[in-house]
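Working notes, structure below.
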Amino acid sequence: MNNMTLEVHGLTKTFGTGDAKTDVLKGIDFSASSGELIILSGASGSGKSTLLSILGGLLSHTEGEVKLDDVDYLDLSEKELTKMRLTDIGFIFQSSHLIPYMDIVSQLSFVAEQAGLSKNEARKRSKALLEEIGLSHRFNSYPGMLSGGERQRAAIMRALMNKPKMLLADEPTASLDGARAIEVVEMLRDIVKDRGMIGILITHDSRIFEYADRVLTLEDGHLKAESQMQ
Amino acid sequence: MKLALKELKFYKFKYIMVTAILFLLAFLVLFVSALAQGLARENISGIDALNSEYFVMEEDVENDLMRSGLSEDQINGVQETTSADPLQLSMQKIESGDSEISLLIAATDESKEPAVKEGRFPESQSELLLNEKLKAEGFSVGDDVTLTNEQTYEVSGFAEDIMFAHNSMAFVTPEAINDLESRTAALIISESSEAERQTIDDAPGVAVVSASELKNAVPSYQAEQQPLNLMIVFLFVISAIVLAAFFYVITIQKTSQFGILKAIGTSSRTLAVSILIQVILITLTGVVLSLITISLIGMVIPIDMPFYLNTNLMALVSVLFLVVAFIGAGLSLVRVIRIDPLEAISSE
């Protein structure tokens, strides 16, 4: 995974037609490489969530191309995109979005089993990941029994279960207090570095900018500024 | 599978409630159907017990067995064409406590005798085989029964289902019925060709009647079955709507959760299979419980109650419920396949 890159060229997204036509992304270009954590920042409506959704294969684009590890994946079929989200792209949402009726180990192993791992292997990997973040005492707990921070950490580990190439996080610290937010971002940074992944994170919280390698600021659908942090 | 079972286990109470409602609906349909069939048996089981497809009756009596009477010449005429056994009938009364019970006494050839459930078929002129429901009146094998003509007969046995137009039937030997005021109401045709039946039908004063025509001519049969069948159909329609609505609402409640699962790479197929497994498990549990309950009720229900259960009815109700549940689940599946993960995440 060391030489893996994400390349975004001339990416545009337009919603509606005629008078209702709105250009949300107006030609985005950037690239990222393995082990790099990029923060997407910008005011509400600047297009960062739309950009993340397109990168995650959840939303169709209008023009442009996105290559992950040299594969242009935006034009893949819905079925292929779903498979890609399972194996190559890890998603972390604003709130944990864990399945309420599964204990934490099952929560993680379910994702791996979907990707074809055996039940035993999946459980083994789940437990190893949860131990890594200090949740070994919570193996059999359901999401409702965990604190917000624990839930979010478990959700991050779920996103890592199938060893994705890219980790996308949409305001993963929004529902956490300051200390917990820093803890989660530090954890994300370490994961991205240690596993050679590409990490893209949306946040409004300027306190966590310093943990990223670069901060890309979007304004009115354009990439307005790029700051090198480290 | 994992998704489906984990959810059922976690939300036990919710799914027990859904299963309970399904059980009650299936039970209600089975119970009303069994009552309808029970009432039907009280009208026509005597005809079924004769095991014949066709009968010859007097013409112009609107297929009414109680009004039909064949003359010797007519009987001989028919028997020259095909093999036919006379069915002799005599309406009598027997005493049971302080009341009298109407009893339709019948006699026919040995080959057309109904199946005996307890005891044996009458062998002498002083014996008779009673309908089993009369056990509820206190009759048993070996008892003496006095008919309207003051003659006394010994009960030789019981047949399970021999009733006609809500009257219990009793079978005696052809010799015994000659002592009663009887008539040959019909001829039972064993095996006949279309041409033979046509020849008989063309003869003056007689008509060939099928078993179903004969049953439909029983006035109380049609009058009772029509509203009951309508009730059963409506019960099914209501059950179908309730089940479809239940499964649809349950799926809608999970829209955002399914959206999240899709976003993290779970295929629509996995989600569809999960829904189908839940629907199959809930429906099968509810239906099997209703079958067990109705069978237990069938065992303890008083013998004189019009209640008739058979495997065909139970299989039909089970299959219909499964089909209805699948239709309900099918509506949900369309919704699941169309869930936009992005929309689901935004709505959370």
Inset, instruction - Express the accessible area of the protein assembly as shown per residue in Å², computed with a 1.4 Å probe while the remaining protein chains stay in the model. - result: 45
Legend entry - Restricting segment B:1-73 to chymotrypsin sites (Phe, Trp or Tyr not before Pro) in coil, as DSSP defines it, with at most 16 other Cβ within 10 Å: B:Y11
Legend entry - MRE, 222 nm, helices only [DSSP H, n ≥ 4, -39500 (n - 2.57), over the protein assembly as shown, to nearest 500]: -15000 deg cm²/dmol
Inset, instruction - Taking a probe of 1.4 Å and counting only protein heavy atoms, give the total accessible area buried between chains A and B in Å², rounded to the nearest 100. - result: 2000
Legend entry - Spin-label model distance (nm) - B:N149 vs B:I101, 7 Å beyond Cα toward Cβ: 2.1
Inset, instruction - May I ask you to derive the relative contact order of segment B:221-348, considering only C-alpha pairs under 8 Å and at least 6 residues apart, and to give it as an integer percent? - result: 53
Inset, instruction - With the full set of protein chains in place, find how many percent of the accessible area of chain B is carbon and sulfur; take the probe as 1.4 Å. - result: 57
Inset, instruction - Report the dimensions of the protein assembly as shown along its three principal axes from the alpha-carbon atoms, largest first, rounded to Å. - result: 118, 53, 37
Inset, instruction - Once you have the Kirkwood Rh of segment B:129-210 from its Cα pairs, apply Stokes-Einstein at 25 °C and 0.890 mPa s and quote D in µm²/s. - result: 159
Inset, instruction - Counting other Cβ atoms within 10 Å, keep those with at most 14, restrict to DSSP loop, and tell me which GluC sites (Glu not before Pro) in segment B:183-218 are left. - result: B:E191
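Rounded to a whole number, what % of the accessible area of chain A do carbon and sulfur atoms account for, probe 1.4 Å?
It is 44 percent, rounded to a whole number.
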Inset, instruction - For helix A:119-132, report the angle its Cα long axis makes with the longest principal axis of the Cα atoms of chain A; keep it between 0 and 90° and round to the nearest 10°. - result: 80
Legend entry - Computed over chain B: relative contact order in percent, which uses C-alpha pairs under 8 Å that are six or more apart: 29
Inset, instruction - Could you tell me which of A:V192, B:T108, B:L296 has its Cα farthest along the dipole of the protein assembly as shown towards the positive end, charges placed at Cβ (Lys, Arg +1; Asp, Glu -1), taken about the Cα centre? - result: A:V192
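Dividing the Cα radius of gyration by the Kirkwood radius, what Rg/Rh value follows for chain B?
Using Cα coordinates only, the ratio equals 1.18.
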Inset, instruction - Just add up the charged neighbours of A:D70: K/R +1, D/E -1, any other residue whose Cβ is under 12 Å from the Cβ of A:D70. - result: -2
Inset, instruction - Express in % the proportion of alpha carbon pairs of segment A:1-54 at distances exceeding 18 Å. - result: 42
Legend entry - List of segment B:1-21 residues, accessible area with partners at least 10 Å² below that of the chain alone (1.4 Å probe): B:K2, B:L3, B:K6, B:E7, B:F10, B:Y11
Inset, instruction - Taking chain B as the reference, fit the longest principal axis to its C-alpha atoms, fit the long axis of helix B:72-81 to the helix C-alpha atoms, and give the angle between the two in degrees, 0 to 90, nearest 10. - result: 60
Legend entry - Dipole magnitude (debye, nearest 20) for the protein assembly as shown, charges at Cβ of Lys, Arg, Asp, Glu: 5200
Legend entry - segment B:1-104: relative contact order in percent, alpha carbon pairs under 8 Å with at least 6 residues between: 9
Legend entry - segment A:37-91: translational diffusion in µm²/s, Stokes-Einstein, Kirkwood Rh over Cα pairs, 4 °C, 1.567 mPa s: 107
Legend entry - Cut-off 13 Å between beta-carbons: net charge of the residues surrounding B:F10, Lys and Arg +1, Asp and Glu -1: +4
Inset, instruction - Based on alpha-carbon positions alone, could you give the equivalent ellipsoid semi-axes of segment B:254-314 from the gyration tensor, as √(5λ), descending, whole Å? - result: 43, 10, 7
Inset, instruction - Can you pull the one-decimal nm distance between simple spin-label points at A:F209 and B:T311, each 7 Å off the Cα toward Cβ? - result: 7.9
Legend entry - Net +/- balance of residues flanking A:H137 in space, Cβ distance below 12 Å, scoring K and R +1, D and E -1: 0
Legend entry - Kirkwood Rh, angstrom, segment B:242-348 [1 / mean 1/r, Cα pairs]: 15.8
Inset, instruction - Treating the angle as unsigned and between 0 and 90°, give the value, to the nearest 10°, between the Cα long axis of helix B:219-253 and the longest Cα principal axis of chain B. - result: 10
Legend entry - FRET efficiency for A:A115 and A:D19, using Cβ-Cβ distance with R0 set to 56 Å, rounded to 0.05: 0.80
Inset, instruction - Taking 40 Å² as the minimum loss, tell me which residues in segment A:12-61 lose that much accessible area going from the chain by itself to the full protein complex (1.4 Å probe). - result: A:L58
Legend entry - At least 40 Å² of accessible area lost relative to the chain alone, listed for segment B:235-280 with a 1.4 Å probe: B:Q257, B:I260, B:A263, B:I264, B:G265
Legend entry - Per-residue ³J(HN,Hα) for segment A:50-56, Karplus 6.51 cos²θ - 1.76 cosθ + 1.60, θ = phi - 60°, Hz, x for Gly and Pro: 4, 4, 5, 5, 5, 4, x
Inset, instruction - Identify which of B:D64, B:D202, B:D109 has the largest mean-square fluctuation in a Gaussian network model of chain B, with springs joining Cα atoms closer than 10 Å. - result: B:D202
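The values are calculated or read from the model by the stated rules, or taken from the named source; none is laboratory data. Predicted model only: the values in this text are computed from it and were never measured. Here Cβ is always computed from backbone atoms with ideal geometry, including for glycine, and neighbour counts include all displayed protein chains. Calculation scope for accessible area: heavy atoms of the full protein, side chains included, ligands and nucleic acids excluded. Shrake-Rupley method; radii C 1.70, N 1.55, O 1.52, S 1.80 Å.
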